[in-house]
Structures are given as C-alpha cells and as structure tokens.
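Undergrad: Structure incoming, see below.
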Amino acid sequence: MKEEQNKIVIGALKECTTKESIEDTFNRYEITDTQERINKLNRCMGDPQTFFSSGNVSLEETYELTIQMFLTMSWKLNEIYDRMGLVTANA
C-alpha cells in the first residue's frame, strides 16, 4: 500500500503550481518529515542532481531550494520531451 500511496502523492504534487499548494499536499497526506518532502519533490522532477556551491546547506535550505526548482516547471518540459522520444539537453 505504501507504493500506491507514493504514486498518489506524486500525482498530486505534479499538479501543484505554488508553494502553498505543495505544502497543502504534504499536509493532506500527513508528510511532515523534511527529507521525505525533498525526496518526493525530487521524484516528481525525475530525480535531478543538485549541487551546492555555498558549503554546508541546512535541510530546510535544501527543501526551500527544491521547492524553487520544482516551481520553475522545467521538469514538466523534460517529461514532454521524453514522451515525444526527443533527447533533452541533460541526456
């Protein structure tokens, strides 16, 4: 059942377009752990590689950065390219 719930949460997150809607989704599914929230957002985006150049970054800062990356919606364009069989610049 856990994997099924993961799919539901991921599907709900993919519809989010604001930080508030992301937070509402996590609250609705009672996901309070920051690392779990980061993991789910990254899974939505196809597990991008993120590098930090400012040394030690707190978990909360990582979460905020992940939300900002998510809200750019560039990951949705990559999904469209994948469905069309086109190669993305990251490939």
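The values are calculated or read from the model by the stated rules, or taken from the named source; none is laboratory data. Keep in mind that what you see is a predicted model, and the values were worked out from it rather than measured. Reconstructed Cβ throughout: ideal geometry from the backbone, glycine too, with neighbour counts over all protein chains shown.
Undergrad: Just checking, does the stretch 74-85 include any residue being surrounded by 11 or more Cβ atoms within 10 Å (Cβ to Cβ) and at pLDDT 90 or above?
TA: No, that holds for no residue.
Undergrad: Give the residues of the stretch 1-22 that are without any contact (Cβ under 8 Å) to a residue 24 or more places away in the chain and more than 12 Å from the chain's Cα centre (by Cα), sorted by residue number.
TA: M1, K2, E3, E4, K7, I8, E20, S21
Undergrad: Let me ask something additional. So, G46, is that one under 12 Å from the mean Cα position of the chain (by Cα) and either at positive phi or in contact (Cβ under 8 Å) with a residue 60 or more places away in the chain (or both) or not? Give the derivation first.
TA: On the way: under 12 Å from the mean Cα position of the chain (by Cα): yes; either at positive phi or in contact (Cβ under 8 Å) with a residue 60 or more places away in the chain (or both): yes.
Answer is yes for this residue.
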